[in-house]
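The values are calculated or read from the model by the stated rules, or taken from the named source; none is laboratory data. Worth saying up front: this structure is predicted, and the values here are computed from it rather than measured. Neighbour counts are summed over all protein chains in view; Cβ atoms, including those assigned to glycine, are modelled from backbone coordinates with ideal geometry. Each accessible area value is taken on the protein alone, full model and side chains, heavy atoms only, with ligands, DNA and RNA left out. Shrake-Rupley method; radii C 1.70, N 1.55, O 1.52, S 1.80 Å.
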Amino acid sequence: VIAWVTITNSLNMMQRASENAMQTNADLLKNNIAGWVNNNLNTINALAKSPFIMMAIDDAQYRVRTSAHLNAIAQQVGARNIALLDNQKKAIAASNSQRIGKKYNSMGYVSQALASTKAIVSEPVTSRVDSKLLVTFAVKVTKQNVLFMSMPLDNFYTDYVNTQTLDQHSNSFVLSSNCLLVAHRNLRQLQGNQAHLADLCQAKNQLISFE
């Protein structure tokens with residue numbers, strides 16, 4: 001009986017320790033992602049108030065200078081592209097000069113930004129250019145103009161999700177609300193085989209909202 005009680009107590013202590021470690025890792029992961037989101041929201045909101053943006057909207061002669069400004073910011077924050085759209089949803093200034101003149105009518109984050117009073121965060125999507133995962137931050141700067149910033153998730157796992165440096169037994173990963181695997185140590189191998197993750201996406205009260 002004494003042995004049984006000792007073993008039971010030990011198992012209970014191990015379970016509690018494991019649960020505490022999992023909760024600690026989960027809190028760290030949530031804080032890391034929230035910090036990344038908030039930093040990018042702060043960037044797009046600050047850019048929206050830049051005089052470069054309003055000058056580019058009002059006068060076409062300032063758009064080259066505005067594009068150069070957006071390019072400098074994009075290099076600093078690691079953005080794939082930062083672009084200002086006109087009332088036809090066409091890029092009139094962009095950090096990536098090859099995207100100037102391109103239309104973004106089909107991009108959901110554009111219509112979401114136009115319908116919102118604050119900056120929005122898109123679902124992770126696959127780039128049309130190189131199939132890499134991107135998250136876009138977009139904000140309405142006038143009734144008809146939108147400014148957006150697309151951020152690649154290339155190093156997202158290493159920089160924000162990996163908790164193995166603190167707990168070598170942990171294996172953290174991130175799923176979007178659409179059940180898309182966006183961060184995992186073996187992301188490339190698993191991207192085409194995510195059916196086994198479907199049950200996790202049905203879990204209640206597991207979503208983190210950044211609205």
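At a probe radius of 1.4 Å, what is the per-residue accessible area of Lys102, in Å² to the nearest 10?
Accessible area, nearest 10 Å²: 90 Å².
What number comes out for the charge environment of Lys89, summing +1 per Lys or Arg and -1 per Asp or Glu over other residues with Cβ under 11 Å away?
For residues surrounding Lys89, the net value is +2.
Can you sort Thr142, Thr136 by 1.4 Å-probe accessible area, starting with the largest?
Sorted descending by solvent-accessible area, the residues read Thr142, Thr136.
Return, ordered by residue number, the residues of segment 47-62 whose backbone nitrogen is under 19 Å from a label point located 7 Å along Cα→Cβ of Lys143.
Zone members listed by number: 54-55, 57-59.
First measure r as the distance between the Cβ atoms of Gln98 and Gln61, then evaluate 1/(1 + (r/R0)^6) with R0 = 22 Å and state the FRET efficiency to the nearest 0.05.
E(calc), rounded to 0.05, equals 0.55.
Amide H neighbours of Leu133 under 5 Å, counting only residues 5+ apart in sequence or on other chains, H built in-plane at 1.01 Å?
Ser127, Leu153
Assuming R0 = 22 Å, can you tell me the calculated FRET efficiency for the pair Lys90 and Ala68, based on Cβ-Cβ distance, to the nearest 0.05?
The value I calculate is 0.70.
Run the numbers on segment 30-156 and let me know its relative contact order in percent, using alpha-carbon pairs under 8 Å that are six or more apart.
23 percent.
In whole Hz, with x marking every Gly and Pro, tabulate ³J(HN,Hα) for segment 74-79 from phi via Karplus 6.51 cos²θ - 1.76 cosθ + 1.60, θ = phi - 60°.
Those phi angles translate into 4, 5, 5, 9, x, 7 Hz.
Could you please put Asp130, Asp154, Asp58 in sequence from largest to smallest accessible area, using a 1.4 Å probe?
Asp58, Asp154, Asp130
Rolling a 1.4 angstrom probe over the protein heavy atoms, how many square angstrom per residue are accessible across segment 50-101?
Accessible area per residue, segment 50-101: 52 Å².
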